[in-house]
Structure formats: structure tokens, C-alpha cells
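Student: Starting off with a structure, shown below.
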Amino acid sequence: MYVDVATNFFYSYKITTFDNKTSNNLENYRPITKATADRFLQLLKTKGPQSAAMLAAALQITGEGARLQLLKLAEEGLVMSATTTKGVGRPVQIWNLTPQGHAHFPDTHGEFSLQLIETIRKELGEAALEKVVTARERLQQEKYTLALQGITDLAEKLEQFAAMRTSEGYLAEWHAEDDGFIFIENHCPICNAASKCANICKSELNTFASILGDEVEVSRTNHIIAGDRRCVYKIALIKSVPAFLP
């Protein structure tokens, strides 16, 4: 079963820009390589907003090196910085992906999917589009069910499912909580299509509920389409209620 309770979280911040002096100093810094850029973008995609110090620690480089690499990425329009203050102390500069930075990750459907959705809707009607989405849902469920066949441990099942979703471009991960699990998808390769057809997201939720079984309740707590950074699913264990004999 599932409950869709997507919520948005907003952060107040002030977008900062770079002065000419800072940009000119970058001319003496070596060009950023694609491999290095990908490492920064991957971390910001999977971990969310980060400071230069946090990125430096994760990548095992100097803080200054991380800052200069981020400035290079900002010049390319892939990242942006925001200044935030927490308690007493100096403001902290936090980095995040821009829309162009998010677009750096693959969309396996893209423009073709958008055109296909609009064509079906226009030529055959909304009912036909719903049938197509339902058929895709059935195929997805069959594929995942077959791959997870024989796995009874829920944690093991989530590990395998996350690997499959990551191979499909969702950058999935999961972790346990006291009352169940959290399943996270840091990227949505079908985001463009889903933005034009809400039933696609409903279908994804149906698929999660189907393959994880009746012993859990799956709810979506964060939703990329709703403006969140990633899609997050809460997988709550359903406690069995003992039967009372008459």
C-alpha cells in the first residue's frame, strides 16, 4: 500500500556572485578536467548542498583546491553558491547544483518521451495514455519481481533494488531507521516525461509498493516533480494485529 505525502522544504539564502578579482585569479589555476568536475557534481547530486570544506574532505583535497574548482564550475553555470548563517560565527558558503548542473545527469527519455506523451494524448486521448502508463508499470513490476525473486530479507531486497535503479540512472541509495527504511533516488531520468504525465509518478509508487510486499507501507515524502532535490520514500513496517478469538 502507499500514501503520497510529498512535501517541499525551502531554505532561505542569498545567492552570491563573483567579482572580477576572484575570476581573474582563476586564470592561474589549472583547467578543471571532466573527471574532476564529475566527482564534484556527483557529490552535490547525491549529498545535496555542501560547503567547500565538506567537499574537500570527501574528495581528500585541500579546501582551497575545492573552492577554486567550484568557482570554475560556477563559471560554467553548473553550480551556484549561497550564504547561510547558523548561530554565532562567520557565514558559510554553501554550494548546490544549478538546473544546468542537474541536466548534466542523463535523462534516458528526454524530448522523445515528451513528444510521445503529447502525441498519444492528442491523437488517442487521456484514457489511451493511462493504458500505456499502466502497461509500463506492469512490465516494470515483472522485471523487478523476477530480479528479486527468492530474496526474503527486506534489507537485502532494497540493496539489490537500489543497484538496479542506479543502473537505470536514479542514483539510488537506502538506509535503515527504527521503524523501517528510507529509500532515496537522487536523480530522476524520466523527470521530463513525469512532469507532463502525473500518472507516471503514481505508477512508480505503485511499483515500489508491489515489489516490497504487503508487510510494508510505502510513502513518498520528497518529490523532485514537486520541487524537492530528490525523491525520498519511507518504507514503514506494518505491525501485525493479533486476531482475537470470539
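Student: On the basis of being at pLDDT below 85, under 15 Å from L41 (Cβ atoms) and surrounded by fewer than 16 Cβ atoms within 10 Å (Cβ to Cβ), does P99 make the cut? Steps first, answer last, please.
Tutor: On the way: at pLDDT below 85: yes; under 15 Å from L41 (Cβ atoms): yes; surrounded by fewer than 16 Cβ atoms within 10 Å (Cβ to Cβ): yes.
So P99 fits the description; yes.
Student: Given the condition farther than 26 Å from V232 by Cβ, in a helix (DSSP H, G or I) and either without any contact (Cβ under 8 Å) to a residue 60 or more places away in the chain or within 20 Å of the chain's Cα centre (by Cα) (or both), answer yes or no: does some residue in the range 75-97 qualify?
Tutor: Among the residues of the range 75-97, at least one is farther than 26 Å from V232 by Cβ, in a helix (DSSP H, G or I) and either without any contact (Cβ under 8 Å) to a residue 60 or more places away in the chain or within 20 Å of the chain's Cα centre (by Cα) (or both), which makes the answer yes.
Student: Sticking with this structure for a sec: Go through (1) β-branched (V, I, T); (2) without any contact (Cβ under 8 Å) to a residue 12 or more places away in the chain; (3) surrounded by 14 or more Cβ atoms within 10 Å (Cβ to Cβ) one by one and return the number of the condition T62 breaks.
Tutor: So the condition that T62 fails would be (3).
Student: Only one of L129, L71 is touching a Phe, Trp or Tyr at 6+ places or on another chain (Cβ under 9 Å) and either surrounded by fewer than 13 Cβ atoms within 10 Å (Cβ to Cβ) or in contact (Cβ under 8 Å) with a residue 24 or more places away in the chain (or both). Can you tell me which?
Tutor: L71
Student: A follow-up question, please. Kindly indicate the residue of the range 137-190 that is touching a strand residue (DSSP E or B) at 6+ places or on another chain (Cβ under 6 Å) and among the aliphatic types (A, V, I, L, M) and also nearest to N222 (Cα to Cα) among those meeting that condition.
Tutor: Checking each candidate, the answer is I184.
Student: Can you name the residue in the range 177-228 that is assigned to a loop (DSSP other than H, G, I, E, B) and over 16 Å from the mean Cα position of the chain (by Cα) and, of all such residues, is surrounded by the most Cβ atoms within 10 Å (Cβ to Cβ)?
Tutor: That would be C197.
Student: Moving on. Spot the failing condition for A135; the list is (1) under 23 Å from the mean Cα position of the chain (by Cα); (2) closer than 13 Å to T207 by Cβ, and only one is missed.
Tutor: The failed condition is (1).
Student: Checking H109 against (1) modelled with pLDDT under 95; (2) touching a Ser or Thr at 6+ places or on another chain (Cβ under 9 Å), which test does it fail?
Tutor: (2)
The values are calculated or read from the model by the stated rules, or taken from the named source; none is laboratory data. All values derive from a computational prediction rather than experimental measurement. Every residue, glycine among them, receives a Cβ derived from its backbone with ideal geometry; neighbour counts consider all protein chains shown.
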